[in-house]
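For reference, the structure is listed below as structure tokens.
The values are calculated or read from the model by the stated rules, or taken from the named source; none is laboratory data. All values derive from a computational prediction rather than experimental measurement. Positions of Cβ are generated from backbone atoms using ideal geometry, with glycine treated the same way; all protein chains shown enter the neighbour counts.
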Amino acid sequence: MNARIFALLCILLPSFALAQGFAGLGTKADDFALPEKGYQFEFPKDHGPHNDFRIEWWYVTANLTAKDGTPYGIQWTLFRNALEPIAAEGWGLEQVYMGHAALTTPKAHYATERYARGGTGQAGALASELTAWIDDWTLTQNTISAAGPDFAFDLRIDVVGPLVFHGDQGYSVKSAEGQASHYYSAPFMKVDGTLHLPSGEVEVSGTAWLDREWSSQPLASDQTGWDWFSLSFDGGEKLMGFVLRGETDYTQATWINADGSTEPLGNGAFQATPLEWSETSGPEVPTRWAVMLPQKGIDIVVEALNPDAWLPLSIPYWEGPVSVSGSKSGRGYLEMTGY
């Protein structure tokens, strides 16, 4: 491991989280680019990397069902971290990529990670189409695959709806101080394929949600973590909402109609309250939530499929599939960091 990669890990590791926001995401932007309100997204270019920003991710979660009705979930994530705000190519590109993959069943949770140096071809993303990879893990507009020591998945993707832009046309504010990111999603994706488990192969089908986000200081220094929900209701509507925990909590949400039209909802509109906490292979975390969005008549309970969906990786956090009941029913994903 070279000195620059070691320095990056020191920034990211949780021992620094309380002083700099979760995983160092509250550190100052220095000379990196900052998100701008009014930014005009351009595709397919914006599917690719934004190397002048400090951090970026390609993030897919999927809720899946086997033929026997058993629910499953998968996660595929590629993080790009810039070490210096300089333009370069090849080995001179000061970027580190980190991949996370996970597979969740009702009784087990598998997770693994990989690292790569940017500019060498080992990891990256294209600006000509939606394609990202690290080693042999790949994400394209049509496929997604990853493998760990004891699991793997290979899925086909069918995009059946429009992209969604969060906040003010993709300018997503994260704190009262004004920290922000550029943030869009592809929440209308159907998937099918194969899970490879220690017990054998399982054919599955379901839905997936892609998040794309980049910034250079997405958190305020006092924000120690977040609780992020992506929920798909049986009626076709969807909801993205998050609570950023700090001295004063900060929330944002996007209501997504079945036709893809959206309504952004500012600080305070989205409410998420823990109802039940669970022991995990890491810390105790809330795994049953009361979620309310009064403006849309949402009064639901969100519950983890597997309470121990803890990822014991270099940057540990909880991520797993959830069920929805109450005023609406459905499925989704929950991510919890900073616990």
Take segment 152-179 and flag every residue that is of a type in the set (A, V, I, L, M, F, W, C) and either under 16 Å from the mean Cα position of the chain (by Cα) or at positive phi (or both).
Leu163, Val164, Phe165
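Within segment 277-297, is even one residue part of a loop (DSSP other than H, G, I, E, B) and in contact with a helix residue (DSSP H, G or I) (Cβ under 7 Å, 6 or more places away or on another chain)?
Taking segment 277-297 and keeping what is part of a loop (DSSP other than H, G, I, E, B), we get 279-284, 297.
Remaining after also requiring in contact with a helix residue (DSSP H, G or I) (Cβ under 7 Å, 6 or more places away or on another chain): none.
Scanning segment 277-297, I find no residue that is part of a loop (DSSP other than H, G, I, E, B) and in contact with a helix residue (DSSP H, G or I) (Cβ under 7 Å, 6 or more places away or on another chain), so the answer is no.
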When residues of segment 157-206 are limited to those that are assigned to a strand (DSSP E or B) and of a type in the set (Ser, Thr, Tyr), the one nearest to Gly266 (Cα to Cα):
Ser172
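Being touching a residue at least 40 places away in the same chain (Cβ under 8 Å) and farther than 30 Å from Gly38 by Cα narrows it down to one of Gly193, Gly170, Gly200, so name that one.
Working: Gly170 fails: farther than 30 Å from Gly38 by Cα; Gly200 fails: touching a residue at least 40 places away in the same chain (Cβ under 8 Å).
Being touching a residue at least 40 places away in the same chain (Cβ under 8 Å) and farther than 30 Å from Gly38 by Cα holds for just one of Gly193, Gly170, Gly200, which is Gly193.
Looking at segment 173-181, is at least one residue in contact with a Lys or Arg (Cβ under 8 Å, 6 or more places away or on another chain), buried (at least 23 other Cβ atoms within 10 Å of the Cβ) and of a type outside the set (Phe, Trp, Tyr)? Write out each step before concluding.
Taking segment 173-181 as the starting set, the residues that turn out to be in contact with a Lys or Arg (Cβ under 8 Å, 6 or more places away or on another chain) are 180-181.
With the extra rule that they be buried (at least 23 other Cβ atoms within 10 Å of the Cβ), the set shrinks to 181.
Add one more test, that the residue is of a type outside the set (Phe, Trp, Tyr), and what stays is 181.
Yes: one or more hits.
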Please verify whether Ala111 is touching a strand residue (DSSP E or B) at 6+ places or on another chain (Cβ under 7 Å) and either loosely packed, with under 14 Cβ neighbours inside 10 Å or farther than 25 Å from Thr194 by Cα (or both), treating the condition exactly as stated.
no
Read through the list (1) touching a Gly at 6+ places or on another chain (Cβ under 7 Å); (2) under 30 Å from Asn257 (Cα atoms), then give the number of the only condition that Thr143 fails.
(1)
What is the residue count in segment 177-234 for residues that are farther than 29 Å from Gly161 by Cα, touching an Asp or Glu at 6+ places or on another chain (Cβ under 7 Å) and at pLDDT below 95?
2
